[in-house]
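J.: Attaching a single structure in C-alpha cells format; questions to follow.
The values are calculated or read from the model by the stated rules, or taken from the named source; none is laboratory data. As the structure is a prediction and not an experimental result, all values here were calculated from the model. Glycine also receives a Cβ, built like all others from the backbone with ideal geometry; neighbour counts cover every protein chain displayed. To get the accessible areas, we keep the full protein, side chains included, count just its heavy atoms, and leave off ligands, DNA and RNA. Shrake-Rupley method; radii C 1.70, N 1.55, O 1.52, S 1.80 Å.
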Amino acid sequence: MKNYNVLHILEIYHIYKDMDWRERREFYQYKCDYYQFFVKLILILASLASLSYLVSDYQLNGNTILPTLIPRTSILIPMFLYIALEPKLKSYKWKALLNYLLLNMIVLATIWSVYHLEIKTHFSEGATIMNFIFLICCLGARPCFGAVGYGLFFAEIFVSHQFNHYENLDVILSLNFPCFAAIMLVHCILNLGEFERYLTSKKLEHALITDPLTTVYNRHRMNQLIKDNQIISEEQVISVVMLDIDYFKMVNDTYGHYGGDQVLHYLGKTLMEDIPESGTVIRFGGEEFLIILPGCLPEDSYKKIEEIRKKIAAAKDTVVEFHISAGVVKYNGDFEKSVKAADHALYHAKETGRNRVYWNQEF
C-alpha cells in the first residue's frame, strides 16, 4: 500500500502538469466515465429531496404550502430534461456542464421558494447544504469547472439578495466561503489521487496487451481490435502483413533460448521503430508477427516491409545474425480470412527461398 504525503502529491502534480492537452482530455474523460453514474444519481436524488422542503415551508408560512408549491416543484422540469439529455452526451465537458446546470437549477428553485417565505433566515442552512452536492459534482469534473460552478452559485446569492433581502447575508457568506475554499482544495487533491489511479490503470492495461519480451502488442490487443471493430473501415485501404524469423529453431538450437530471446527483442524493437505510427504490430505467436497497416496500400506496405527486411539482413548490431520473411495482402473485410491469406503469403515466401517479402496481389 502506498503512503501519501505532501512530497508524493507534489510528484503526481508535476507528472500531471507535464501532460499535453490530449492526455489531459483522455484523463478527464476516463474520470467522468467512472464517476458520472454516481454524480447523476446524487443530482436526481437531490432534486427530489428538495421537494421535501415543502414541509419546512409549511411550518414557516403558517401551515400552508401554496406559496412555494410551484417554485419547489419547478425543479422537476430541469430534472426530467437532465435525465433525457445526459445519456446522449459523450464528452466529459458537456456532461460536467449539464451536471452543474442542474445543480444551479436546484439553487434557483430554492431561491425562488425563499422569495415566498415569510422567514428567510433559514436560507443560510439550505445554501450550506448545497456544498455537499458541489463536492459530489467535483468527482467527475475538472477543478476549473467546479470554480465556475461556485462562481455562479455566489452570483445567484448576491443577485437574489436584491429582492429576497436576506437579513443574514453576512452569515450566509461566512458559512459558504470557507466551504468553497475547503471543497476546492479537496477537489484538487482528489483530482491528483484520481490521476494516479488513472496512470496505474493505463500501466495495467498496457501490460495486459503488450508482449514483455518484444515490447510489441500481444494477441489480447488483436482481440480488442476485432471486438471493437477498430480494424474494419470502409473509408481506407488496410494492409495485413504476416512476418517471421527464418530458421528460428536453428537460432535457438545454436545459441540457446537467450540468443533466441535477443533476436525476438531486436526484431520487436526494429518493427516498433520503423512501422508507421498508425500501424499495429502484434506478436502473433512464437517468432511470428502480425502487422496491420491502416491507410496503407499493399504496394506501399510491400516496400516498407522490404526495407525492414533489408535493414535486418544487413544489421551488424545484433547478437545473432538473422533474416526474416513476410507475406503481404490487402484486407478484404474479413479479418480471419485476411490473416490466413497473409500467412499463406508468408509460407510462399519461405517456400521460394526465404529472406524475402511476397505480396499476394490475387487476394
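J.: From the list 83, 106, 9, 65, pick out the single residue that is of a type outside the set (Asp, Glu) and within 22 Å of the chain's Cα centre (by Cα). Explain how you work it out, then say what you get.
T.: Details: 83 fails: within 22 Å of the chain's Cα centre (by Cα); 106 fails: within 22 Å of the chain's Cα centre (by Cα); 65 fails: within 22 Å of the chain's Cα centre (by Cα).
Answer to the check: 9.
J.: Filter segment 212-259 down to residues that are among the hydroxyl-bearing types (Ser, Thr, Tyr) and under 25 Å from residue 298 (Cβ atoms) and give me whichever is modelled with the lowest pLDDT.
T.: First, pick out the residues of segment 212-259 that are among the hydroxyl-bearing types (Ser, Thr, Tyr): 214-215, 217, 233, 239, 247, 254-255, 258.
With the extra rule that they be under 25 Å from residue 298 (Cβ atoms), the set shrinks to 214, 217, 233, 239.
On the way: 214: 92, 217: 93, 233: 58, 239: 93.
Checked segment 212-259; the qualifying residue modelled with the lowest pLDDT is 233.
J.: What is the residue count in segment 192-211 for residues that are over 16 Å from the mean Cα position of the chain (by Cα), at pLDDT 90 or above and open to solvent by 40 Å² or more (accessible area, probe 1.4 Å)?
T.: 0
J.: Can I ask one more? Test each condition in (1) within 19 Å of residue 227 (Cβ to Cβ); (2) in contact with a helix residue (DSSP H, G or I) (Cβ under 9 Å, 6 or more places away or on another chain); (3) open to solvent by less than 40 Å² (accessible area, probe 1.4 Å) for residue 312 and report the one that comes out false.
T.: (1)
J.: Check residue 290 against each of (1) open to solvent by 10 Å² or more (accessible area, probe 1.4 Å); (2) closer than 19 Å to residue 350 by Cα and name the one condition it does not meet.
T.: It is condition (1) that residue 290 fails.
J.: Here is a follow-up. Taking residue 316 as the residue in question, decide whether it is free of Cβ contacts under 8 Å to residues at least 24 places away in the same chain and outside any strand (DSSP E or B).
T.: Working: free of Cβ contacts under 8 Å to residues at least 24 places away in the same chain: yes; outside any strand (DSSP E or B): yes.
In short, yes.
J.: Quick check on this structure: which one of 326, 345 is touching a Gly at 6+ places or on another chain (Cβ under 7 Å), surrounded by 16 or more Cβ atoms within 10 Å (Cβ to Cβ) and under 25 Å from residue 249 (Cβ atoms)?
T.: Result: 345 is the single residue among 326, 345 that is touching a Gly at 6+ places or on another chain (Cβ under 7 Å), surrounded by 16 or more Cβ atoms within 10 Å (Cβ to Cβ) and under 25 Å from residue 249 (Cβ atoms).
J.: Hey, another quick one. Determine which member of the set 172, 226 is of a type in the set (A, V, I, L, M, F, W, C), crowded, with 17+ Cβ neighbours inside 10 Å and more than 23 Å from residue 35 (Cβ to Cβ).
T.: On the way: 226 fails: crowded, with 17+ Cβ neighbours inside 10 Å.
From the options 172, 226, the qualifying one is 172.
J.: Which residues, counting only those in segment 68-80, are within 16 Å of residue 115 (Cβ to Cβ) and within 33 Å of the chain's Cα centre (by Cα)?
T.: Restricting attention to segment 68-80, the residues satisfying the condition of being within 16 Å of residue 115 (Cβ to Cβ) are 68-75.
75 - this is the single residue of segment 68-80 that is within 16 Å of residue 115 (Cβ to Cβ) and within 33 Å of the chain's Cα centre (by Cα).
J.: For the condition in contact with a Gly (Cβ under 6 Å, 6 or more places away or on another chain), open to solvent by 20 Å² or more (accessible area, probe 1.4 Å), in a helix (DSSP H, G or I) and touching a residue at least 40 places away in the same chain (Cβ under 8 Å), what is the one hit in 35, 16, 53? Can you show your working first?
T.: Values: 16 fails: in contact with a Gly (Cβ under 6 Å, 6 or more places away or on another chain); 53 fails: in contact with a Gly (Cβ under 6 Å, 6 or more places away or on another chain).
It is 35.
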